Amino acid sequence: MSYVIPPAPIPAVPVAGSADSFPVRRIYCVGRNYAAHAREMGSDPTREAPFFFCKPADAVVPVAPGSTADVAYPPETANYHHEVELVVAIGKRGRNIAVDAANEHVWGYAVGLDMTRRDLQFALRDKGRPWELGKAFDQSAPIAALVPASRSGHPTRGRVWLTANGKMKQEGDLADMIWTVPETIAHLSKYFELAPGDLIYTGTPEGVGPVVRGDTLTGGVEGIGELSICIV
Ligand code: MN
C-alpha cells in the first residue's frame, strides 16, 4: 500500500543514557492533581474523581539531556503559562487496570511541561467548552529524556520544581498528588485502553504563571531529571 501524501514522522522522546527513542502514541493529561494548584485555579480541591484532557502526540518537544530547546511563544494568547509535571510513559497495553497492577504498565518517567494558554483555557472553561485551544496547541508538551522504570523505580515522593530565569516559581512534592500514579492509571484505563507509547502528564503543583519571549524555564523531578526550554 502507498500513501497519497507522505506520512507524518512519528513523534518520539529520547531515552536517557541510550541512543534509542520512545515513540509517542497519545498524550493524556490530568487536571488539578495538587490541592494547592486547584485552589489557585479557583477550584475546590476535594477528592472528586480525576479528570483528563488530551494533547496531540506531535505536541511533544523532546529536549535532549544537557540541551535547551527553543519553544515558540504560541499565537492568540496574552497569558501563556508553565506547568511542570511528572510524565508517565506506558509500555504495556491494558484496560480496567487494577491500582496494584498499574506499575507493571509503566515503561518509564520523565519531567515535562504542560504549556497552557491560560486566557483561552479559562474562557473555554467558563463557557463549558472543550479545552483544546488552551491546552492542545503546537509545542505544548515539552518533555525531557525518559528514564526507564527499571532504573528509577516508581517514585511516590520527590521534589517537583520549576525556575524561570533562575527564580523559583513552582515547588511541590509527588507525595502531594491528590491521585497517585497507579490510581490515575487505573481511573484512565476505565475510559481508554492504554497502549505502549501513551504518555500521561500527571498534573502540576502550585505556582503556575505567565512566561514571555526570552524566558528560560528549567523544571525538574527529583530522581527523574531536568529539562530547560527557551521561549522564542
Ligand atoms: Mn497540567
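The values are calculated or read from the model by the stated rules, or taken from the named source; none is laboratory data. Please read all numbers here as calculations on a predicted model, not as lab measurements. All Cβ positions, glycine included, derive from the backbone under ideal geometry; neighbour counts span all protein chains shown. Side chains are part of the model used for accessible areas, which takes the heavy atoms of the whole protein and leaves out ligands, DNA and RNA. Shrake-Rupley method; radii C 1.70, N 1.55, O 1.52, S 1.80 Å.
The residues of region 140-158 that are in a loop (DSSP other than H, G, I, E, B) and either of a type in the set (Phe, Trp, Tyr) or open to solvent by 60 Å² or more (accessible area, probe 1.4 Å) (or both), listed by number, are HIS154, THR156, ARG157.
Here is the figure for region 96-126: residues that are over 19 Å from TYR80 (Cβ atoms), within 16 Å of the ligand (Cβ to nearest atom) and polar (S, T, N, Q) total 0. Looking across region 77-103, the residues that are within 18 Å of the chain's Cα centre (by Cα) and of a type in the set (Asp, Glu) come down to GLU83, GLU85.
Filter region 159-172 down to residues that are open to solvent by 40 Å² or more (accessible area, probe 1.4 Å) and either on the phi < 0 side of the Ramachandran plot or among the acidic types (Asp, Glu) (or both), then give me how many there are. Here the count works out to 5. Within the bounds of region 106-119, is there any residue that is assigned to a loop (DSSP other than H, G, I, E, B) and open to solvent by 10 Å² or more (accessible area, probe 1.4 Å)? Among the residues of region 106-119, not one is assigned to a loop (DSSP other than H, G, I, E, B) and open to solvent by 10 Å² or more (accessible area, probe 1.4 Å), which makes the answer no.
Between residues in region 177-201 that are in contact (Cβ under 8 Å) with a residue 24 or more places away in the chain and within 18 Å of ALA49 (Cα to Cα) and residues that are of a type in the set (A, V, I, L, M) and assigned to a helix (DSSP H, G or I), which pairs lie under 6 Å by C-beta distance while being six or more apart or on different chains? Cβ pairs passing all conditions: PRO182/VAL99; PRO182/ALA102; GLU183/VAL99; ILE185/ALA102; ALA186/VAL99; ALA186/ALA102.
Just one residue in the set ARG26, ARG39 is modelled with pLDDT of 95 or more and on the phi < 0 side of the Ramachandran plot; that residue is ARG26. Kindly provide the set of residues from region 34-60 that are buried (at least 20 other Cβ atoms within 10 Å of the Cβ) and under 16 Å from MET115 (Cα atoms), ordered by number. HIS37, LYS55, ALA59, VAL60 - these are the residues of region 34-60 that are buried (at least 20 other Cβ atoms within 10 Å of the Cβ) and under 16 Å from MET115 (Cα atoms). Scanning region 18-33 for residues that are of a type in the set (S, T, N, Q) and open to solvent by less than 20 Å² (accessible area, probe 1.4 Å) yields one hit, ASN33.
Among the residues of region 178-232, those identified as touching a Gly at 6+ places or on another chain (Cβ under 9 Å), away from the ligand (no atom under 15 Å from the Cβ) and open to solvent by 10 Å² or more (accessible area, probe 1.4 Å) are GLU193, PRO196, THR216, THR218, GLU222, GLY223, ILE224, GLU226, SER228, CYS230, VAL232.
Against the conditions (1) within 16 Å of the ligand (Cβ to nearest atom); (2) farther than 23 Å from ASP173 by Cα; (3) surrounded by fewer than 22 Cβ atoms within 10 Å (Cβ to Cβ), HIS81 satisfies every one except (2). Listed by first and then second residue, the pairs with beta-carbon distance under 7 Å, at least 6 apart or on different chains, first residue in region 127-138 and within 14 Å of the ligand (Cβ to nearest atom), second aromatic (Phe, Trp, Tyr) and modelled with pLDDT of 95 or more, are TRP131/PHE53; LYS135/PHE53.
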